[in-house]
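S.K.: Once you've had a glance at the structure underneath, I'll fire off some questions.
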Amino acid sequence: MIYNKEAIKVFDRVTKLKIINSVTGIKPANLIGTINNERQTNLAIFSSIVHLGSSPALLGFITRPQTAEVGHTYANILENEVYTINHIHQNFIKNAHYTSAKFDVNTSEFKRCGLTEEYIEDFKAPFVKESNFKIGMRFVEAIDIKHNGTKLIIGEIEQLIFPDVAIIDGDIDLEATESIGISGLNSYYSLKKIAKHPYVRIDEVPEL
C-alpha cells in the first residue's frame, strides 16, 4: 500500500488515529499519575514518553490540545509540579487501557479502572501500586508545538523504583520487568529481548 498526503487527509478520524499512531512502531506503554490541590487524583495512559537526556535525567511526553474534557494531567502538573510515570504490565493491561476514557475531572481513574494509588516517601503525586517499574518526575518546562496545538512536557527524574531482577549485566532488562509496549490506540505487545551488542566505539566496529 502507498498513501500520499492527500489520501491520508481523507481517512476517517478513527482510521487516521489508528494508522498514524502505529507508524513509529512499538512504543512504551505507561500510566501517568497526578493529583490536584483538592487531592483529586488522575491517571492516564500515554505512549509518547521519550528519553531526552541522562545528565540531567530528563523525560518528555506529548499532551493533546487542552479542552474541558481532556488535559487533567497537564493541569495537575502545573498545580503541583510533580507526576509519576508507571510501566504497564501484562496483568493489568485492560485496567490501564480504560483510563483513556474522557472521565470528568471529579472522577479518579485509579478508582474507576480498578488500580491502586501508592505514595512513596514524601512524593506528592500518586504511583500505581500494581506497577513494578515507577518513576517520580519533577516538571521542568512545557514547549508548545504550534502546528497542532500539542505540548512537549519535560520533567526530571527524582525517584526511580524497579525490581532488582531488572538489572542484568549492568543494563535494565525490560523483558524481566514484564513491561509491555503499545501500537496505535488499542494494540498491546509483550517485549522479548532478542540481542545485546556492546557500547560502540569507532575502533571496535566489526566488518559487517
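The values are calculated or read from the model by the stated rules, or taken from the named source; none is laboratory data. Since we're looking at a predicted model, the values are computed, not measured. Heads up, the Cβs are rebuilt from the backbone with ideal geometry, glycines too, and the neighbour counts pull from every protein chain shown. Keep in mind that these areas ignore ligands, DNA and RNA; they rest on the heavy atoms of the full protein, side chains included. Shrake-Rupley method; radii C 1.70, N 1.55, O 1.52, S 1.80 Å.
S.K.: I'd like the full set of residues that are loosely packed, with under 12 Cβ neighbours inside 10 Å and either in contact with a helix residue (DSSP H, G or I) (Cβ under 6 Å, 6 or more places away or on another chain) or not in a loop (DSSP other than H, G, I, E, B) (or both), limited to the range 1-12.
M.R.: Lys5, Glu6, Ala7, Lys9
S.K.: So which of Thr41, Thr67, Thr15 is β-branched (Val, Ile, Thr) and surrounded by 13 or more Cβ atoms within 10 Å (Cβ to Cβ)?
M.R.: Exactly one residue qualifies, and that residue is Thr41.
S.K.: Say whether the condition of being assigned to a strand (DSSP E or B), surrounded by fewer than 17 Cβ atoms within 10 Å (Cβ to Cβ) and in contact (Cβ under 8 Å) with a residue 24 or more places away in the chain is met by at least one residue in the range 70-91.
M.R.: no
S.K.: Name the residues in the range 92-110 that are without any contact (Cβ under 8 Å) to a residue 40 or more places away in the chain and more than 18 Å from the chain's Cα centre (by Cα), would you?
M.R.: Phe103, Asp104, Thr107
S.K.: Could you please give the count of residues in the range 18-38 that are in contact with a strand residue (DSSP E or B) (Cβ under 6 Å, 6 or more places away or on another chain) and either open to solvent by 90 Å² or more (accessible area, probe 1.4 Å) or part of a loop (DSSP other than H, G, I, E, B) (or both)?
M.R.: Of the residues in the range 18-38, 3 are in contact with a strand residue (DSSP E or B) (Cβ under 6 Å, 6 or more places away or on another chain) and either open to solvent by 90 Å² or more (accessible area, probe 1.4 Å) or part of a loop (DSSP other than H, G, I, E, B) (or both).
S.K.: Please enumerate the residues belonging to the range 103-116 that are crowded, with 17+ Cβ neighbours inside 10 Å and outside any loop (DSSP other than H, G, I, E, B).
M.R.: Matches in the range 103-116: Glu109, Phe110.
S.K.: What are the residues in the range 39-69 that are hydrophobic (A, V, I, L, M, F, W, C), within 13 Å of Gly155 (Cβ to Cβ) and not in a strand (DSSP E or B), if any?
M.R.: Within the range 39-69, Ile49 is the sole residue that qualifies.
S.K.: Of the conditions (1) farther than 25 Å from Leu17 by Cβ; (2) surrounded by 12 or more Cβ atoms within 10 Å (Cβ to Cβ), Ser100 clears all except one; give me its number.
M.R.: Condition (1) is where Ser100 drops out.
S.K.: Mind checking whether some residue in the range 133-155 is aromatic (Phe, Trp, Tyr), closer than 28 Å to Ile19 by Cα and open to solvent by less than 60 Å² (accessible area, probe 1.4 Å)?
M.R.: No, the range 133-155 contains no residue that is aromatic (Phe, Trp, Tyr), closer than 28 Å to Ile19 by Cα and open to solvent by less than 60 Å² (accessible area, probe 1.4 Å).
S.K.: Let me ask you something else. Restricting to the range 15-44, and then to whatever is free of Cβ contacts under 8 Å to residues at least 60 places away in the same chain and β-branched (Val, Ile, Thr), can you tell me which residue is farthest from Gln90 (Cα to Cα)?
M.R.: Checked the range 15-44; the qualifying residue farthest from Gln90 (Cα to Cα) is Thr15.
S.K.: So how many residues does the range 51-64 have that are touching a residue at least 24 places away in the same chain (Cβ under 8 Å) and either open to solvent by 90 Å² or more (accessible area, probe 1.4 Å) or of a type in the set (D, E, K, R) (or both)?
M.R.: Within the range 51-64, residues that are touching a residue at least 24 places away in the same chain (Cβ under 8 Å) and either open to solvent by 90 Å² or more (accessible area, probe 1.4 Å) or of a type in the set (D, E, K, R) (or both) number 1.
S.K.: Would you point out which residue out of Glu158, Glu175 is closer than 27 Å to Gly53 by Cβ, open to solvent by 40 Å² or more (accessible area, probe 1.4 Å) and either in contact with a strand residue (DSSP E or B) (Cβ under 6 Å, 6 or more places away or on another chain) or in a loop (DSSP other than H, G, I, E, B) (or both)?
M.R.: Glu158
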